[in-house]
1. Can you tell me the 0 to 90 degree angle between the C-alpha axis of helix 52-64 and the longest principal axis of the chain, rounded to 10?
2. Per residue of the chain, what 222 nm ellipticity follows from adding -39500 (n - 2.57) for every DSSP H run with n ≥ 4, rounded to the nearest 500?
3. Just need the relative contact order of the stretch 34-268 here, percent rounded to a whole number, with Cα pairs under 8 Å and 6+ apart.
4. By average Cβ neighbour count within 10 Å, what is the ranking of 76-87, 335-346, 320-331 from highest down?
5. Could you tally up the Lys pairs in the chain with alpha carbons closer than 26 Å? Skip any pair fewer than 8 positions apart unless they're on separate chains.
6. What share of all Cα pairs of the stretch 34-268, in percent, falls into each consecutive 5 Å distance bin?
7. Once R0 is set to 22 Å, what does the formula 1/(1 + (r/R0)^6) return for the Cβ-Cβ distance between Asn305 and Lys67, expressed as a FRET efficiency to the nearest 0.05?
8. Nearest 20 debye, what's the magnitude of the dipole of the stretch 34-268 about its Cα centre given +1 on Lys and Arg Cβ and -1 on Asp and Glu Cβ?
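No lab work stands behind these numbers, since they all come straight from the coordinates. Keep in mind the model is a prediction, meaning the values are calculated, not measured. Note: ideal-geometry Cβ built from the backbone for every residue, glycine included; neighbour counts use all protein chains shown.
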Amino acid sequence: MRVFLGALRHLRPAETFWRPCLIPFCRQYLVGTEENEIANAIKNRSIAAPGPYSELCEALISDQVGKAPALLVPSCTAALEMAAILLNLQPGDEVIMPSFTFSTTATSVVLRGARPVFVDVDPSTFNLDPEAVARAIGPSTRAIFVVHYAGVPADMESLLLIAREHGIKLVEDAAQAYGSFYNGQPAGSHGHLSCFSFHGTKNISSGEGGALVINDRDLLERAEIIREKGTDRAKFLTGQTAFYTWQDIGSSMVVNEMTAAFLSVQLRAAAHITERRLEQWRRYKAALAEPAAQGHFSLPDPPRNCKHNAHCFFVVLPSREIRADLMQHLRAFGINAVSHYVPLHSSPAGQRFGRQVGPMPNTQRAADCLLRLPLWHDLGSDQEVVIEAILDWCSKEGSRNAYAQIGQ
């Protein structure tokens, strides 16, 4: 391994910076039977939605999240937009959410004319800080959108208590958390509505795809109408009505059978995929424990009552400049390690459509200092290359710090 690293080190900087990454940040895992299922969907001439594969996917997702109804949709973005409609968000309404999240957590709210209210996150998990949420509650607050960052569920007990005390809805943005658990209950089973992603970067993937889980069953009938272009087509397909008609606002938020066929294979392999990723996650944690103890960076430390799905493994560096140095060092070895979100409260659209409540030190720390390492189902020996490269950087960083102290 060290011979390999030494060979890379002799390349000129321009060559190492511009060469394609030998080790990408993520890679789509294929079970191996996806093509067979897609071919079967085509053979049966069952391509449009809904169909047997989408129904199978919905059943598998429902089983995962405690038997609540699940609707397969084109993306987690679509699920969030449906959730915002189902909550009847209106202009003047406010929705509390973390600033450290993807843009569509907020755009789903803005599209209804409501305002995102950005608050800070917990310093260890980078999930919503319940105390920050409580301080942001106001007369216009209608909902809390909770993000389970890196597949580690947020403090749902505290957040649900806040929601109940104020009579507001709670939506789980569980895009990264399929297969995770909080207090023994599946992520996605706590909120009134929950949204999952099956994007190509997620553990379970169909390239594009998502699901809306409806824990509040009073919302199910309207959710089916919204998904079917605002019509009661779902009732028509089950023989509950002779014709289907326009009933409400909505859009085309169904998934074709070829995508569902691909996803069905992934969902059936979810437990295996999760366990393999957890093996890689634990290997990182063990191998990097010593340099973390030496102060080079901090490592994720999920709460004991959370069983996460190893969506990603990250290190948190002392500063933005030190993170950039480690990123450049890894890039020299063909390793693509990446940062994550630009905080929404500081973005142009965030400043135009939303508002910030309270200081954001933990959000800014995550934005400036967090670095995600390559992780996928069959990372294998590539993980040793990543670890060795990080240890190599730590030894040089230690030498630089020692030299600086001597100079003082």
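1. Between helix and principal axis, roughly 60 degrees.
2. Per the formula, -13000 deg cm²/dmol.
3. Once divided by the residue count of the stretch 34-268, the mean separation gives 26 percent.
4. The most tightly packed comes first, giving 76-87, 335-346, 320-331.
5. 11
6. In order of increasing distance, the bins hold 1, 7, 15, 19, 19, 16, 11, 7, 3, 1, 0, 0 percent.
7. 0.50
8. 480 debye
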